[in-house]
Each structure stands twice: as C-alpha cells, then as structure tokens.
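Read the structure below first, then the notes.
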Amino acid sequence: MRAPVNKIIPFSSVDGPGNRTSIFFQECNFNCRYCHNPETRNMCVNCGDCVEKCPTNALSIVDGKVTFDYNRCVLCDTCIKTCTHGASPRIRNMTPEEVMEEVKKQVPFIRGITTSGGECTMNAPFLRELFSLAKENGLGALIDSNGSYDFEKDSEHLLEVCDGVMLDVKAWSEDDHRAVCDVDNEMVLKNLRYLASVGKLYEVRTVVVPGLFDVKETVEKVSKEIVKYLSVSDIRYKIITYRPMGVRKEYLDMAPPSKELIEELKQIALNEGVKTVVTV
C-alpha cells in the first residue's frame with residue numbers, strides 16, 4: 001500500500017499537543033481560496049514543465065511520468081513556482097512502514113504524529129495502517145481534516161486507531177462555504193457534531209478572511225455547537241489569522257483581519273461558553 005506524501009515535517013508544535021511529526025499528503029477535494037499550501041491540491045499531470053527548470057536535476061521524465069529524486073532536492077521550490085496545475089512533482093509514494101521509519105528518527109523527542117494535506121483522509125486505508133504503527137511505537141495520532149470524510153460511518157475505522165480530529169470549519173452557511181472552497185459543508189457540520197459527541201473532536205479551526213464569508217456568524221455558530229459537547233470533552237477552538245503568504249497569486253488581494261477583529265472573535269467564542277480559545 002502506498003500513498004503520495006508531499007512532505008514530512010519532523011518537528012511541529014502547532015499541529016496538536018506537544019512536539020509532533022506532521023505528514024502532509026498530496027491532493028485535496030476542496031478548493032479553498034486562502035489555501036496556504038496550494039501546491040498540495042492536485043496530482044501532477046506529468047506535463048514536464050518543471051523538469052528542465054530544476055537546478056539540481058532532482059526531476060526527470062521516465063516512461064512519460066515526472067519522477068522525483070528526494071536525495072537531490074534542495075527544497076528551492078522552483079518546481080512549485082513553475083507548475084501551473086496547482087500540483088507538486090516533489091512527491092514520494094511511500095508505504096506506511098516507510099513513513100514510520102522517517103517518524104522514528106524523531107523519537108523520543110515527539111509525542112505523536114499528525115496527518116494533514118491536501119486532505120489526508122483521501123488515503124484512509126493508509127492512515128489506518130500508519131496509525132496502527134504509531135500506536136505500536138508509543139505515539140499518539142491526530143487527523144487534520146477538512147471534514148469531507150464521513151467519520152460516523154468510518155468505513156476504515158480510523159477513530160479506533162487515532163486520538164482525535166482537528167476539524168476545519170471554513171464557514172457556517174452553505175453559501176459561504178461554497179464561496180470559500182466550491183463545495184457545501186453538510187458533511188463538515190455533521191462531522192462537527194458527531195466527533196464532538198463521541199469525544200474525538202480535539203480542535204475546530206477557522207481561518208478568518210474578512211469579506212470572503214461571514215466570520216462573526218461562523219465563530220458564533222461554531223462556538224454554540226462546541227459548548228453543547230463540553231461535558232464529553234474539552235474542545236479547542238483555534239481562530240486563525242489569514243496571511244497572504246504562499247497563497248495563489250489571484251487571491252493575494254484578500255486582506256488579513258485586524259488584531260481587533262481577531263480579539264472580537266475570540267470574545268464571541270468565550271462569551272458563548274467555549275473554554276479554550278486559541279488565536280494565531
């Protein structure tokens with residue numbers, strides 16, 4: 001079993017509790033306007049435009065497909081800047097065992113792993129295998145998800161082998177959610193309620209982009225939902241400032257929120273009864 005791994009960050013303190021290794025998978029089923037790693041959205045189409053631009057010859061064409069030599073790469077991002085398809089050729093198709101060997105290099109200095117993307121649950125069978133290996137090595141496992149996977153049905157039994165989910169709620173209303181990422185949020189809100197009810201919702205995340213959607217409504221409504229389930233477990237609400245770094249050129253004109261707005265949103269959540277609100 002293999003899955004397309006975009007990158008592995010050995011140490012992260014922003015992807016769950018403690019120091020963690022974060023694994024980013026390639027491909028996403030949402031098209032968020034503010035995506036801060038837009039090169040993870042699509043799979044490489046093998047056009048080859050990036051190959052001749054690579055300064056270290058880490059890319060080549062083999063049997064009509066772009067291939068990547070991890071050991072030659074210096075992470076200069078020339079290939080990503082060249083790509084016009086919202087993809088990255090800098091992908092390793094790895095097995096769960098290979099990923100875990102990378103993770104184990106950080107033990108005992110990490111508390112667990114977090115899978116992200118792209119949308120990591122598009123590789124749900126792979127995640128189950130990886131999380132099982134993490135447990136065998138005494139590590140926790142968290143999922144950072146856009147909420148498109150049906151966690152109530154959970155056909156791959158991910159909740160049995162992970163500690164919880166960090167769930168993106170990008171906007172509350174369906175129209176706003178479509179404006180942000182081209183799809184509705186019925187499954188996202190279903191997952192919000194279900195994960196909270198079974199004690200598997202570690203954190204809810206909302207990126208604040210003024211003018212793109214009704215941020216105050218979203219924070220208020222999400223907070224009301226979180227509070228309903230605080231008797232099951234504490235649920236963090238992370239309110240994230242949009243920053244125009246790494247985003248697609250066509251969305252660079254979106255303005256970041258003011259510090260005053262972020263503080264106002266934090267107070268809305270606290271006033272609704274959310275106990276743990278984090279702003280970044």
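Looking at Ala255, Ala269, just one residue is among the small types (Gly, Ala, Ser) and either at pLDDT 95 or above or not assigned by TED's automatic domain parsing to the domain that holds Asn146 (or both), and that residue is Ala269. Have a look at Glu225, Glu203 and point out the one that is assigned to a strand (DSSP E or B) and acidic (Asp, Glu). One residue alone meets the criteria, Glu203. Of the residues making up the stretch 66-104, just one is among the aliphatic types (A, V, I, L, M), assigned to a strand (DSSP E or B) and over 19 Å from the mean Cα position of the chain (by Cα), namely Val66. Is it fair to say Phe11 is of a type in the set (Phe, Trp, Tyr) and more than 19 Å from Leu139 (Cα to Cα)? No: the conditions fail for Phe11. You will find that of Ala171, Ala179, Ala196, the residue that is of a type in the set (Gly, Ala, Ser), under 20 Å from the mean Cα position of the chain (by Cα) and outside any helix (DSSP H, G or I) is Ala171 and no other.
Let's see how each residue does on (1) in the same structural domain as Gly246 (by TED's automatic domain parsing); (2) aromatic (Phe, Trp, Tyr); (3) crowded, with 21+ Cβ neighbours inside 10 Å:
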| position | (1), (2), (3) |
| --- | --- |
| Ile9 | yes, no, no |
| Asn29 | yes, no, no |
| Cys54 | no, no, yes |
| Lys65 | no, no, no |
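Among the residues that make up the stretch 126-139, is at least one of them of a type in the set (Asp, Glu) and surrounded by fewer than 14 Cβ atoms within 10 Å (Cβ to Cβ)? Looking for residues that are of a type in the set (Asp, Glu) and surrounded by fewer than 14 Cβ atoms within 10 Å (Cβ to Cβ), one finds at least one in the stretch 126-139, hence yes.
In the set (1) closer than 30 Å to Asp234 by Cα; (2) more than 17 Å from the chain's Cα centre (by Cα), Val14 fails one condition alone, (2). Being of a type in the set (Gly, Ala, Ser) and surrounded by fewer than 17 Cβ atoms within 10 Å (Cβ to Cβ) is a property that Ser231 has.
Among the residues of the stretch 105-126, the ones that are over 12 Å from Leu142 (Cβ atoms) and either in a strand (DSSP E or B) or charged (D, E, K, R) (or both) come to 2 in all. Give the residues of the stretch 1-60 that are in contact (Cβ under 8 Å) with a residue 12 or more places away in the chain, in a loop (DSSP other than H, G, I, E, B) and of a type in the set (S, T, N, Q), sorted by residue number. Within the stretch 1-60, Asn19, Gln26, Asn29, Asn31, Asn37, Asn46, Thr56, Asn57 meet the criteria.
State whether one or more residues within the stretch 262-278 are within 20 Å of Gly117 (Cα to Cα) and surrounded by fewer than 17 Cβ atoms within 10 Å (Cβ to Cβ). No, because not a single residue in the stretch 262-278 is within 20 Å of Gly117 (Cα to Cα) and surrounded by fewer than 17 Cβ atoms within 10 Å (Cβ to Cβ).
Table: residues versus (1) free of Cβ contacts under 8 Å to residues at least 24 places away in the same chain; (2) assigned by TED's automatic domain parsing to the domain that holds Asp150; (3) not polar (S, T, N, Q).
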{"position": "Gly199", "(1), (2), (3)": "no, yes, yes"}
{"position": "Arg205", "(1), (2), (3)": "no, yes, yes"}
{"position": "Phe213", "(1), (2), (3)": "no, yes, yes"}
{"position": "Lys221", "(1), (2), (3)": "no, yes, yes"}
{"position": "Ser231", "(1), (2), (3)": "yes, yes, no"}
{"position": "Thr241", "(1), (2), (3)": "no, yes, no"}
{"position": "Arg248", "(1), (2), (3)": "no, yes, yes"}
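The values are calculated or read from the model by the stated rules, or taken from the named source; none is laboratory data. Computed from a prediction, not measured in an experiment: that's the story for all the values here. A quick note on method: Cβ atoms are made from the backbone with ideal geometry, for glycine too, and the neighbour counts reach across all protein chains shown.
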